[in-house]
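Just so it is clear, none of the values below were taken in a lab; they were calculated from the coordinates. All figures in this text were calculated on a predicted structure; none of them were measured in a lab. Note: ideal-geometry Cβ built from the backbone for every residue, glycine included; neighbour counts use all protein chains shown.
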């Protein structure tokens, strides 16, 4: 009897997790989070009901669109494998799926926190990002 091909899984697959995901945090909010062990996000995150993240490929465009000219930001590099089921990938602009965290961010999941200075054009100057592929 010939083997029958498996029918495709009707559930949409989650993307393979990138090595790191990124979030832009206010310096004072991040400092407070470090003291208590949890980061609760920005006022925009609270309004939307989740903490917004981006991949390395998206973070600079997200900063230019949502945070242009904002001083005192910190770029958080976060290990997505430490966030469990509270991390969901959902469609946003142009059908691109962005990571959204439906919980407080444990400080222990943050691999790096780098100051994000403003350039003369009002855009943020990013450090080299881990563009490592999916895990």
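Structure values in brief
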{"quantity": "Prolate/oblate/rounded call for the range 35-116, Cα gyration tensor, a/c under 1.5 rounded", "calculated": "rounded"}
{"quantity": "Exposure proxy ranking, count of Cβ atoms within 10 Å, fewest first, for 19, 55", "calculated": "19, 55"}
{"quantity": "Sorted by Cβ neighbour density within 10 Å, fewest at the top, the residues 38, 73", "calculated": "38, 73"}
{"quantity": "Stretch gain in nm, segment residue 61-residue 91, where the contour uses 0.36 nm per residue and the Cα spacing is subtracted", "calculated": "9.2 nm"}
{"quantity": "Contact order relative to length of the range 35-116, as percent, for alpha carbon pairs under 8 angstrom and 6 or more apart", "calculated": "43 percent"}
